[in-house]
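The structure appears right after this line, and notes come after that.
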């Protein structure tokens, strides 16, 4: 949109001269521009929907975790405890396996047999980012939910959060892309045969058990690292997500292709700045027409605090209509619409995998009896 067309969209402004006391005739008075506030007609429910989806996904992961612990315990005790089916959904915590299997699928056009659910969940989360910005991080990811809970608790306790200086913030944000680049390079350099060998190795087959054991057997160093990360997340908004999460970095890059973005209508905006203060990614929402940044997680908190009708929305590109309402009609993605799209993507990929028989990792019972109790002693094939 050209500068001229944008100017035509602006409503009439009221110019109020503010006396400058000793200002001479050659010094123009200070001009302050006021826009008329047209308050929103409907109460915003974006956070009600988002927190509901977050809670549901946290409960789902807790259920998967309990079931997986019981399944693992059964094999660790040689069948002396309660047996439950292995929950394939736990493979959502194996993003590296998901990336490896995705490359294997692209090269061989066949779905891998080991940890296939990791691939389908990886693709589901990636596809959601292509459609709805980085909504996975702020709507579905349990780590993102925990991070949000921590910084909001810190904000309530101290009355504010702390923000790193730009000279430190920018290079630290690059760390997650360095980690992503490392994993992408390693996986990208592996052939399909090498990927299959890795996944069918004893280490690869029980990678999920090794992940569980990492958290069950945290040593002193691990505990210190976890405490430091939790403490930093208490003081700094989304510390892990902002600086260290390679999965979030990938989702952010995918979100650049998303047609849906947080968009500000300059004609309806009253320039109150509430949106920028509410942004968990510290983006200058009040000074942008649309948020293209990879840091935007579509949490819609900026929209929730906006008092003006049609000033801020999560939407598809607007029309070039003369009236504000005409520009956004049927293009705004409501919180309910976002919830429905996320549910369709998630259950669509999971449903397809189950319907085609590519959801579960089917290994012999005898093999699990051998591998699961010895998971900690299995070394990486490349070592």
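The values are calculated or read from the model by the stated rules, or taken from the named source; none is laboratory data. Please read all numbers here as calculations on a predicted model, not as lab measurements. Cβ placement follows ideal geometry from the backbone for every residue including glycine, while neighbour counts extend to all protein chains displayed.
Tabulated data for the structure shown
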quantity: Test: residue 160 is in a loop (DSSP other than H, G, I, E, B), over 21 Å from the mean Cα position of the chain (by Cα) and at pLDDT below 95; calculated: yes
quantity: Where residue 381 falls short, out of the listed (1) touching a residue at least 12 places away in the same chain (Cβ under 8 Å); (2) part of a loop (DSSP other than H, G, I, E, B); (3) exposed (fewer than 12 other Cβ atoms within 10 Å of the Cβ); calculated: (3)
quantity: Of all residues making up segment 324-338, the number that are modelled with pLDDT of 95 or more and buried (at least 19 other Cβ atoms within 10 Å of the Cβ); calculated: 3
quantity: Filtered residues of segment 34-59 (kept if in contact with a helix residue (DSSP H, G or I) (Cβ under 7 Å, 6 or more places away or on another chain) and assigned to a helix (DSSP H, G or I)); calculated: 46, 47, 49, 50, 53, 54, 57, 58
quantity: Scan of segment 93-111 for residues that are under 15 Å from residue 190 (Cα atoms) and in contact (Cβ under 8 Å) with a residue 40 or more places away in the chain, ordered by number; calculated: 96, 97, 99, 100, 101, 103, 104, 107, 108
quantity: Residue in segment 300-319 that is part of a helix (DSSP H, G or I) and either loosely packed, with under 14 Cβ neighbours inside 10 Å or on the phi > 0 side of the Ramachandran plot (or both) present; calculated: no
quantity: Unique match (being outside the structural domain of residue 161 (by TED's automatic domain parsing) and crowded, with 20+ Cβ neighbours inside 10 Å) among 249, 281; calculated: 281
quantity: Single match in 267, 281 (criterion: part of a loop (DSSP other than H, G, I, E, B), more than 23 Å from the chain's Cα centre (by Cα) and within 30 Å of residue 35 (Cβ to Cβ)); calculated: 267
